[in-house]
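J.: My questions all concern the structure below.
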Amino acid sequence: MAIDLSVPDDVQALVDRTRGFIRGHVVPLEDAHDGDIAAAGGDEFRVELQRAARDAGVFAPHAPVEYGGHGLGMSDRAPVFEEAGYSLFGPTALNIAAPDEGNVHMLAHIANPEQKQQYLAPLAHGDIRSAFAMTEPAPGAGSDPSALATRAVRAEGGWRINGSKWFITGADGAGFFIIMARTSGEPGERGGATMFLAPADTAGIRVGRHIDTLDRSMVGGHCEVFFEDLLVPESAVLGEVDRGFEYAQVRLGPARMTHVMRWLGAARRGHDVAVAQVAQREGFGSKLGDLGMIQKMVADNEIDIAATRALLTRACWELDRGEPAGNATSIAKTFAAEAIFRIVDRSMQMCGGLGVSGDLPLARLSREVRPFRIYDGPSEVHRWAIAKRTVGAAKRALRDSK
Ligand SMILES: Cc1cc2nc3c(=O)[nH]c(=O)nc-3n(C[C@H](O)[C@H](O)[C@H](O)COP(=O)(O)OP(=O)(O)OC[C@H]3O[C@@H](n4cnc5c(N)ncnc54)[C@H](O)[C@@H]3O)c2cc1C
């Protein structure tokens, strides 16, 4: 089996440019605003950051070339996104923050030519932002998407949508919504979902409060959204009716991995900060970095970084081959979300009081990476899915052997 982990020259050049841009331009801006993108200026700040990224030749590494991007596949995205993630504002600068990056990916694969023109083109160029509206308050869709309760019913010339969503990232100020709604079946049934596209200023879409979550780095917050007799034309259907859950997988597998790439960059920054600190701070007659228990934390961080990258590489390889990669992305996401949190937590510990202060970026990195163990599927749900596949295969093997 041939294993080639080399990065193509053009991708390496983009990695190097991204590193220079993020560390030279974006990290200082993040530090100046303590990683709070609303405090930095929200959407106006995003536009300025993206202009700078375009000037630096690092904008939209993921978007198709015909929409002004670099057209990178999953494996090539990994090192570039990791460099972007070194700053909490980096993904926004490159237009690869959630949910826009995942939405670009899904629209490129599923939208028809008119929808691509109306939604994908301005999104890929950074002219507008988007939101992906799936999660609902209880008893609606959360970890279990089949609980989907938002309804779309046929109306003259299209569909009428009613329901409420929450935790919708980027909803405040988004240019359009991708709405997951039930078009057949009942909550609890596995099929029957459809995705709809709707401009955010359509009558019947109302953005409610920003839910006050731990993190501060995503433009437009995480909001409640209400669909109240929202009328959309037939042309608003993304793909085909009743295939929404299937399309969600087209988005979610790669989107999980791009989250891993970005947060790995953040974790690496935390580790770098801690290693620099323990290499110079004296204690008990030596550098802290020469004490065994600190060395264990340094080594465990290195191991978590390397293992995350290895699992990511495997999952991206499967995705680039056109495989669903359900198990590989679940394994990589679960491990990475927990490893990244551990890396940042150990880094704080190594820095002592400074680690939890605003003088270093570690406290803010910690608050940003914690929610990753919940969104894109909580760790428990991925473990449940991995175990179901494993035990299912063993049961089938047992049956076949009889
Ligand atoms: C910062 C942030 C941003 C988000 N952005 C978006 C967005 O843009 N669009 C969107 O649609 N949603 C978004 N979400 C919502 C996110 O996808 C959900 O929070 C997630 O799917 C979990 O659903 P829930 O919150 O309803 O938790 P619940 O479904 O209530 O689950 C609660 C807990 O129960 C446990 N659990 C659940 N199922 C199982 C199981 N099978 N076995 C064992 N334990 C289990 C897990 O520990 C889980 O954390 C976001 C969430 C956050 C925190």
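The values are calculated or read from the model by the stated rules, or taken from the named source; none is laboratory data. Just so we're clear, the structure is a prediction, and the values are computed from it rather than from any experiment. Because the Cβ atoms are built from the backbone with ideal geometry, glycine has one as well, and the counts that use them run over all protein chains shown. Heavy atoms of the whole protein, side chains included, go into the accessibility calculation; ligands, DNA and RNA do not. Shrake-Rupley method; radii C 1.70, N 1.55, O 1.52, S 1.80 Å.
J.: Would you please calculate the Kirkwood hydrodynamic radius of the range 9-97 over all C-alpha pairs and express it in Å, rounded to one decimal?
T.: 12.8 Å
J.: Could you work out how far helix 74-84 tilts from the main Cα principal axis of the chain, as a 0 to 90 degree angle to the nearest 10?
T.: Here the helix axis deviates by roughly 60 degrees.
J.: If you find the alpha carbon centre of the range 207-249 and of the range 354-397, how far apart are they in angstrom?
T.: 23 Å
J.: While we're here: Could you give the accessible area per residue of the range 130-242, probe 1.4 Å, as a whole number in Å²?
T.: Accessible surface, normalised per residue, equals 42 Å².
J.: Once Lys and Arg get +1 and Asp and Glu get -1 on their Cβ, which of 374, 385, 301 lies farthest toward the positive end of the dipole of the range 245-400?
T.: Result: 385.
J.: With a 1.4 Å probe and all protein chains left in place, how much of the accessible area of the chain comes from carbon and sulfur atoms, in whole percent?
T.: C and S atoms contribute 55 percent here.
J.: Report the charge-dipole magnitude of the range 245-400 in Debye, nearest 20, computed about the Cα centre from +1 at each Lys and Arg Cβ and -1 at each Asp and Glu Cβ.
T.: 440 debye
J.: Keeping to pairs on different chains or 8 or more places apart, tell me how many lysine pairs in the chain have Cα atoms under 28 Å apart.
T.: 7
J.: How large is the Kirkwood hydrodynamic radius of the range 77-144, in angstrom, based on all distinct alpha carbon pairs?
T.: 13.5 Å
J.: Could you check the simple spin-label distance between residue 36 and residue 391, using points 7 Å along Cα→Cβ, in nm with one decimal?
T.: 4.6 nm
J.: Suppose we look only past 19 Å in the calculated P(r) of the range 130-242. What percent of the Cα-Cα pairs does that tail hold?
T.: Here the tail beyond 19 Å accounts for 40 percent of pairs.
J.: Here's another thing I want to ask about it. Which residue, chosen from 250, 348, 398, occupies the Cα position most advanced towards the positive end of the dipole of the chain, where the dipole is computed from +1 (Lys, Arg) and -1 (Asp, Glu) charges on Cβ about the Cα centre?
T.: 398
J.: What translational diffusion coefficient, in µm²/s and rounded to a whole number, does the Stokes-Einstein relation yield for the chain at 20 °C and a viscosity of 1.002 mPa s, taking the hydrodynamic radius as the Kirkwood radius over Cα pairs?
T.: This corresponds to a translational diffusion coefficient of 97 µm²/s.
J.: Scaled to the compact-protein estimate 2.2 N^0.38 Å, what is the alpha-carbon radius of gyration of the range 245-400, rounded to two decimal places?
T.: Relative to the 2.2 N^0.38 Å estimate, the range 245-400 comes out at 1.23.
J.: Here's another thing I want to ask about it. If r is the Cβ-Cβ distance from residue 7 to residue 240 and R0 is 51 Å, what FRET efficiency results, to the nearest 0.05?
T.: Calculated value: 0.85.
J.: With +1 assigned to the C-beta of every Lys and Arg and -1 to the C-beta of every Asp and Glu, and no other charges, what is the dipole magnitude of the range 284-323 about the Cα centre in debye, to the nearest 20?
T.: My answer is approximately 120 debye.
J.: Where the only charges are on Cβ atoms (+1 Lys, Arg; -1 Asp, Glu), what is the dipole of the chain about its Cα centre, to the nearest 20 debye?
T.: Magnitude of the dipole: close to 1240 debye.
J.: Determine, for each peptide in 314-327, 126-139, the mean count of other beta carbons within 10 angstrom over its residues, then list the peptides with the highest first.
T.: For the peptides 314-327, 126-139, the packing ranking is 126-139, 314-327.
J.: Shifting gears a bit: Working out 0.36 nm times the residue gap between residue 313 and residue 189, then minus their Cα-Cα distance, what length gain in nm do you get to one decimal?
T.: 41.2 nm is the gain from fully extending residue 313 to residue 189.
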